[in-house]
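A quick write-up on the structure given underneath.
The values are calculated or read from the model by the stated rules, or taken from the named source; none is laboratory data. The structure displayed is predicted, hence computed values, not measured ones. Every residue, glycine among them, receives a Cβ derived from its backbone with ideal geometry; neighbour counts consider all protein chains shown.
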Amino acid sequence: GAVVSQHPSRVICKSGTSVKIECRSLDFQATTMFWYRQFPKKSLMLMATSNEGSKATYEQGVEKDKFLINHASLTLSTLTVTSAHPEDSSFYICSASGQGASYGYTFGSGTRLTVV
Amino acid sequence: ILNVEQSPQSLHVQEGDSTNFTCSFPSSNFYALHWYRWETAKSPEALFVMTLNGDEKKKGRISATLNTKEGYSYLYIKGSQPEDSATYLCASTLDISNFGNEKLTFGTGTRLTIIP
């Protein structure tokens, strides 16, 4: 079945540094990538949607200069948290859709970001 | 109902017992209801996608029903096994014409623990 590989699974960084999270579709073409964020005991909240080769569309309240999304190819999308602060500590997960993806959406396994 | 809501938040069930939990969603402009099974440190796994009122789907010991008029779905697990321990997420989508590119609106999940 369709697989999305997300890395890293866990990262700790210092405040003020940037962190890049990658999602790769291994066996299908991910035409659309969704990036979600989850706070403890809360639901997955959509941050942005990106289509291959286009600029990402951000949800209301999500800073696009803070969370840079690149979807330059049909198999790779990245989320860069720039100048990270402790309040950016969260769980981030991607979901891809495209031809060959099961049920239209295939998820990565998520990244736990801790900013110290 | 404005958001997708799931109950209960958590559930402990004795091995061999059957159980069920609920997902409530906005019934207006509804298109599809998704159920996912999410084990710790893994990717959410798609269980069902349902669109029609009265729809019922089954996958092994797990089944789901859908009531689009009143805005709820039930997930049933028959004869619970330890491997059923996971968080079960539901999500709704609204746009029939854009399936696969439409964002999912998630509930907070039901965390199921099977007691051996």
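Tally time: how many residues in the range A:67-87 are free of Cβ contacts under 8 Å to residues at least 60 places away in the same chain and either buried (at least 16 other Cβ atoms within 10 Å of the Cβ) or not charged (D, E, K, R) (or both)?
The total comes to 13.
Scanning the range B:42-76 for residues that are of a type in the set (Val, Ile, Thr) and within 14 Å of chain A (Cβ to nearest Cβ) turns up B:49, B:51. The single condition from (1) at pLDDT below 95; (2) farther than 16 Å from residue B:10 by Cα that residue B:78 fails is (1). Scanning the range A:5-27 for residues that are part of a loop (DSSP other than H, G, I, E, B) and more than 15 Å from residue A:79 (Cα to Cα) yields A:14, A:15, A:16, A:26, A:27. Screening residue A:61 against (1) within 12 Å of the chain's Cα centre (by Cα); (2) surrounded by fewer than 22 Cβ atoms within 10 Å (Cβ to Cβ) leaves a single unmet condition, (1). Set side by side, the residues B:18, B:27, B:10 differ, and just one is within 28 Å of residue A:111 (Cβ to Cβ) and among the polar types (S, T, N, Q), which is B:10.
Within the option set A:2, A:30, A:48, being within 14 Å of chain B (Cβ to nearest Cβ), touching an Asp or Glu at 6+ places or on another chain (Cβ under 9 Å), outside any loop (DSSP other than H, G, I, E, B) and buried (at least 19 other Cβ atoms within 10 Å of the Cβ) holds for one residue only, A:48. When the range B:1-41 is filtered for residues that are within 13 Å of the chain's Cα centre (by Cα), outside any strand (DSSP E or B) and more than 10 Å from every other protein chain (Cβ to nearest Cβ), the ones remaining, listed by number, are B:8, B:25.
Per the conditions (1) closer than 22 Å to residue A:85 by Cβ; (2) not in a strand (DSSP E or B), the sole criterion not satisfied by residue A:43 is (1). Being within 27 Å of residue B:32 (Cβ to Cβ) and under 11 Å from the mean Cα position of the chain (by Cα), is that true of even one residue in the range A:13-25? The answer is yes, given that some residue of the range A:13-25 is within 27 Å of residue B:32 (Cβ to Cβ) and under 11 Å from the mean Cα position of the chain (by Cα).
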